[in-house]
Amino acid sequence: MFFLNGLIHNISKDIDLNKKNIFLYDKKNNPKTVKYQIIETSSIKGLEKYSCGEPKTRYLPLPKKTDISIFLVPQDCGDFEYRYYLITIKNNTVIDNLYVEGEWSEPDGEQDKETTSFSMDKKYILIVKTQTSTSSKSENYIINDDGKIIKQ
């Protein structure tokens, strides 16, 4: 019994519960029911690229990293109604972007559908997962202190 207690004690010392990966964002959006916030497109330099030609841009705010705002912006004005780009904003200027969530398929090619999703942890590491019916890949990115999204 003493040996088992010592073993359990040693194992619990090796596990640091504070190192547990906490996600700031880890969900999938339903483009039909999501509630967006609205911002004047002209209020941020470079935002017009993500506004679908509209004077106001829809977005979902994600947790800020110091002075970097992070938005999830729908890009549903093209061929696909479910596509989101993550954009970083610093000093009222779009710094970077990354396609992080949505679905893509060829016309009449529903069996070849590609689904992309992402999560962001407390260190602002993005994990972007892309799945098809035959494969799955995961890529890691980090948002640096300048607002750049860098592949790791």
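Read the figures in this text as sums done on the coordinates, not as results from a lab. This one's a predicted model, so the numbers in the text were calculated from it and none came from an experiment. Using ideal geometry, Cβ is built from the backbone for each residue, glycine included, and neighbour counts are taken over all protein chains shown.
Which shape class, rounded, prolate or oblate, goes with region 27-74 when its Cα gyration tensor gives a ≥ b ≥ c as root eigenvalues, a/c under 1.5 marks rounded, and past that a/b bigger than b/c marks prolate? Oblate, because a/c is 1.5 or more while a/b does not exceed b/c. The residues S105, S133, when put in order of fewest to most other Cβ atoms within 10 Å, stand as S133, S105. Each residue of region 63-80 was assigned a 3J(HN,Hα) from its phi angle through the Karplus expression (A = 6.51, B = -1.76, C = 1.60, θ = phi - 60°), giving x, 5, 10, 6, 9, 10, 7, 10, 10, 9, 10, x, 10, 9, 8, x, 6, 10 Hz with x at Gly and Pro. For region 21-151, what class follows from the C-alpha gyration tensor (a ≥ b ≥ c being the square roots of its eigenvalues): rounded when a/c is under 1.5, otherwise prolate if a/b is larger than b/c, else oblate? Taking the square roots of the gyration eigenvalues as a ≥ b ≥ c, region 21-151 is oblate. A simple count of charges around K45, restricted to other residues whose Cβ falls under 14 Å of its Cβ and scoring Lys, Arg +1 and Asp, Glu -1, yields -1.
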